1. Out of all the residues in segment 68-94, which are within 18 Å of Leu132 (Cβ to Cβ) and within 14 Å of the chain's Cα centre (by Cα)?
2. I'd like the full set of residues that are at pLDDT 85 or above and among the aliphatic types (A, V, I, L, M), limited to segment 138-189.
3. Part of a loop (DSSP other than H, G, I, E, B) and modelled with pLDDT under 95 - does that describe any residue in segment 117-137?
4. If we keep just the residues of segment 52-66 that are buried (at least 19 other Cβ atoms within 10 Å of the Cβ) and hydrophobic (A, V, I, L, M, F, W, C), which is nearest to Val29 (Cα to Cα)?
5. For segment 106-136, which positions are surrounded by fewer than 19 Cβ atoms within 10 Å (Cβ to Cβ) and among the small types (Gly, Ala, Ser)?
6. When the residues of segment 5-56 are filtered to those that are of a type in the set (S, T, N, Q) and out of contact with any Cys (no Cβ under 7 Å at 6 or more places or on another chain), which remaining residue is modelled with the highest pLDDT?
7. Restricting attention to segment 118-127, does a residue exist that is touching a strand residue (DSSP E or B) at 6+ places or on another chain (Cβ under 6 Å) and touching a residue at least 40 places away in the same chain (Cβ under 8 Å)?
Amino acid sequence: MAEQYDSINARRYDYQRRLEIFSPEKNQVAALSGDLHGLKVMDLACGTGLYSRYAKRAGADKVVGVDISANMLKVAQKIEESAPLGITYRLGDASRMEKIDNFDLVLAIYLFNYARTLSELQEMCTSAFANLRPGGRLVALTINPLYDMRKPVWKGWYSPFTAEYAEDDCTRYATRVESSCITYYRRGFSAYEESLSSAGFEQQEWHPISVPPSLLAGPDASEWIVLEKNPPMIALSAQRLRS
């Protein structure tokens, strides 16, 4: 998985992820994360640190970003060095994560869609659970199980150039990003729910991405309508209740 992102221009990726076209998903993550003042946050699959920086600026006391790509972390660290926020970045595989701390919140933004098998998805959920305190929460974004690639594609989403059935209600997509081939997986709702339950999570809830009325009334309304009718992403929250 690391090699997919180790060969792309991570600075350009970071810039693109900060564009307005991604504001609906950012708004959803912020709403589900809630008040972060004084909290400890782990950002699993942090990439170049977009949501790690959001968490720290939102008042989190401690933020640890973890990613499998050294290329992405290099950019995250350079941004941290140029404008220090006090974020710690670590190289690591989210499916084989050791316990780092008892976090109040674990973010898993576009992590689960890289699980190649159901067992790997389970391992990712277990890693997130292990790093949460009792009462801690998980907020994730993943590929929407209802996303229909045959319908008009929202401009903020890369169109896949291949798609094939993989296993157990799972479709594997391969997308060209610069010179790299990015492979990700779309699974059914039950795959996520069962993996989270098996890891120990409770109170699972799906949260469709909503487009702010201001964008629907703006000059790019037609594109936002495409996103609203056929969103490629969906948010998911869950909680660790037991010790």
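The values are calculated or read from the model by the stated rules, or taken from the named source; none is laboratory data. What you see is a predicted model; the values in this text were computed from it and never measured. No Cβ is skipped: glycine too gets one built from the backbone with ideal geometry, and neighbour counts run over all protein chains shown.
1. The one that is within 18 Å of Leu132 (Cβ to Cβ) and within 14 Å of the chain's Cα centre (by Cα): Ala94.
2. Selection gives Leu138, Val139, Ala140, Leu141, Ile143, Leu146.
3. yes
4. The qualifying residue nearest to Val29 (Cα to Cα) is Ala55.
5. Correct list: Ser119, Ala130, Gly135.
6. Taking segment 5-56 as the starting set, the residues that turn out to be of a type in the set (S, T, N, Q) are 7, 9, 16, 23, 27-28, 33, 48, 52.
Among the residues that remain, those that are also out of contact with any Cys (no Cβ under 7 Å at 6 or more places or on another chain) are: 7, 9, 16, 23, 27-28, 33, 48.
Details: Ser7: 53, Asn9: 52, Gln16: 56, Ser23: 81, Asn27: 91, Gln28: 94, Ser33: 98, Thr48: 92.
In this case the residue turns out to be Ser33.
7. Checking segment 118-127: not a single residue is touching a strand residue (DSSP E or B) at 6+ places or on another chain (Cβ under 6 Å) and touching a residue at least 40 places away in the same chain (Cβ under 8 Å).
Residue by residue, here is whether (1) in contact (Cβ under 8 Å) with a residue 24 or more places away in the chain; (2) more than 25 Å from Arg240 (Cβ to Cβ); (3) in contact with a helix residue (DSSP H, G or I) (Cβ under 7 Å, 6 or more places away or on another chain) holds:
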site: Met72; (1), (2), (3): yes, yes, yes
site: Met97; (1), (2), (3): yes, no, yes
site: Asn102; (1), (2), (3): yes, no, no
site: Val106; (1), (2), (3): yes, no, yes
site: Arg133; (1), (2), (3): yes, no, no
site: Lys151; (1), (2), (3): yes, yes, no
